[in-house]
Amino acid sequence: MSGIDWYNEFVDMHYTPAQDDLVVLYYFESPEGMTKEESAGRIASESSTGTWTTLTNLPPRMESLKATAFDIEERYVKVAYPRDLWEDGNFCQLKSGIAGNIFGMKGVKNLRLLDCRFPENYIKYFKGPILGMDGLRKRWNIPKRPLTGAVPKPKIGFSAQEHAEIGYETWMGGFDFVKDDENLTSVKFNRFEERVRILAKYRDKAENETGDRKGAFINITAETEEMKRRASLIHQYGFDYVMIDAVIVGTASLMTMRDYLGDLGIAIHAHRAMHAAFDRNPKHGITMQFIAKEMRLIGVNQLHSGTAVGKLVGNREEVTSVADVLREKQTPEKEHVLLGQDWGSIKSAFPVSSGGLHPGLVPDVVDIYGPDMILLISGGIHGHPKGTRAGARASMQAIEAVMDGETLEEKARTSPELRSALDKWDRHTPK
Ligand code: CAP
Ligand code: MG
């Protein structure tokens, strides 16, 4: 090493990743006056064993722990990280490395973590989902069609009793699940304990009247010990799902909850609120597919992944990439988007499509995802001219049409609730 810095020692275009290297794909832009190689060297260095200046008396081990930027193509760089850099089973430490200081370096104008490919001897330390998609379909006896749910809307403001009554109407309209919204936890006018108790009462009523199993994604988001208490109450009332705002509670808390809930046989519905704070900008931040990879490894059973046609950002390519990460045994490689990933024994997870949907958009969403998904239609049922139960019925009629290869117009001839929904929204794509 000579001179003031040694970043160039973290770049080797002839390097071939070892079998058990972790490989990360980044998008980056160099600042004025800096070459791609100089930026790439800084990314590899700062996320592994480097620092800003040359050092003296380093132990020989240091050389074997260095990351290597080995494939720089325009604004994309692949960096290989030796497996020994990473603590077994500690996803927090991984993010501190590959998603830590480097985002603030002056050596990049923009930086986006696109994807990370994990070797088998890294993923084997993670539990993954307690049940895969097949296991959940079996548990709920819903072999083929999308599983359905809705949030009482407006998202917050109802009392526990009012919330549960809307939930009952949702279940009676044929939906499988009633979901809390991301910012509904335990507030003065809707205490958690009361909501669980009353929802259980209406669930039992709906099950008795329909003969179908009915469930709920009740939001336990809070400090971790409190989440455990709320999960235990949910278990006590016979529910076998919880909802967690997974990005907000964070990696450490989610890992704790995966362990705790796994022992209770409870599945996790992961809401992704706050993801757009860092995955929306195409030039800087962290992609939703990387977040999805983390969530599947840790072990959520389903994760919001967008609609492409609804009210929130996320185009078709992003939505299908996230779905591939969650569902496939082998996630395919997509240049500059996804690194291939063999998931070994990690079970699959359902993508959740939600946000601005209504019966008229069901064909589009099923066309994008196929039927292996959780379909959440909330404003799109409560805004139905004949109310929640009719709105849920209209959505189920739209799903039936798609599963039977019928157009919505054909189906609407014998489905008055669908007809009313199409008369109000047609194929409207909300902004
Ligand atoms: C949808 C929703 C969901 C969003 C989250 C909302 O309600 O409940 O939180 O879908 O976005 O609060 O907007 P609507 P994403 O069906 O009434 O729009 O799924 O993209 O994470
Ligand atoms: Mg919501």
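The table for this structure:
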item	result
Cross-chain or 6+ apart pairs with Cβ under 9 Å, segment 6-20 first and without any contact (Cβ under 8 Å) to a residue 40 or more places away in the chain, then open to solvent by 60 Å² or more (accessible area, probe 1.4 Å)	N8/E37; N8/E38
K124 vs. criteria within 16 Å of ligand 1 (Cβ to nearest atom) and either assigned by TED's automatic domain parsing to the domain that holds V24 or of a type in the set (D, E, K, R) (or both)	no
Positions within segment 75-115 being closer than 24 Å to P31 by Cα and either in a strand (DSSP E or B) or modelled with pLDDT under 95 (or both), in sequence order	Y76, V77, K78, V79, A80, N110, L111, R112, L113, L114, D115
Within segment 293-330, considering residues that are at positive phi and away from ligand 2 (no atom under 16 Å from the Cβ), the one most open to solvent (accessible area, probe 1.4 Å)	A308
Counted residues, segment 277-292 - those being within 12 Å of ligand 1 (Cβ to nearest atom), in contact (Cβ under 8 Å) with a residue 24 or more places away in the chain and open to solvent by less than 40 Å² (accessible area, probe 1.4 Å)	3
Residue count for segment 259-276, restricted to those that are surrounded by fewer than 23 Cβ atoms within 10 Å (Cβ to Cβ), away from ligand 1 (no atom under 15 Å from the Cβ) and not β-branched (V, I, T)	6
Residue among Q161, Q236 that is within 17 Å of G265 (Cα to Cα) and in the same structural domain as R389 (by TED's automatic domain parsing)	Q236
Leading residue by the ranking (farthest from S415 (Cα to Cα)) among those in segment 159-212 that are within 16 Å of ligand 2 (Cβ to nearest atom) and surrounded by fewer than 16 Cβ atoms within 10 Å (Cβ to Cβ)	V187
Residue ranges of helices (runs of 4 or more DSSP H) in segment 204-266 with at least 1 members under 23 Å from P152 (Cβ atoms), free of Cβ contacts under 8 Å to residues at least 40 places away in the same chain and not charged (D, E, K, R)	224-236, 246-249
Subset of segment 308-318 [at pLDDT 90 or above and under 13 Å from the mean Cα position of the chain (by Cα)]	E318
Condition check for I130: away from ligand 1 (no atom under 16 Å from the Cβ), hydrophobic (A, V, I, L, M, F, W, C), closer than 25 Å to I399 by Cβ and not in a helix (DSSP H, G or I)	no
Any hit, segment 111-118, residues being within 29 Å of M255 (Cα to Cα) and open to solvent by 40 Å² or more (accessible area, probe 1.4 Å)	yes
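Residues checked against (1) of a type outside the set (G, A, S); (2) within 24 Å of K293 (Cα to Cα); (3) open to solvent by less than 30 Å² (accessible area, probe 1.4 Å):
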position	(1), (2), (3)
F10	yes, no, yes
A18	no, yes, no
E32	yes, no, no
A40	no, yes, yes
I43	yes, yes, yes
T51	yes, no, no
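The values are calculated or read from the model by the stated rules, or taken from the named source; none is laboratory data. None of these values were measured; they are calculated from a predicted model. Using ideal geometry, Cβ is built from the backbone for each residue, glycine included, and neighbour counts are taken over all protein chains shown. Ligands, DNA and RNA are stripped out before the accessible areas are found, and what is left, the full protein with its side chains, is counted by its heavy atoms. Shrake-Rupley method; radii C 1.70, N 1.55, O 1.52, S 1.80 Å.
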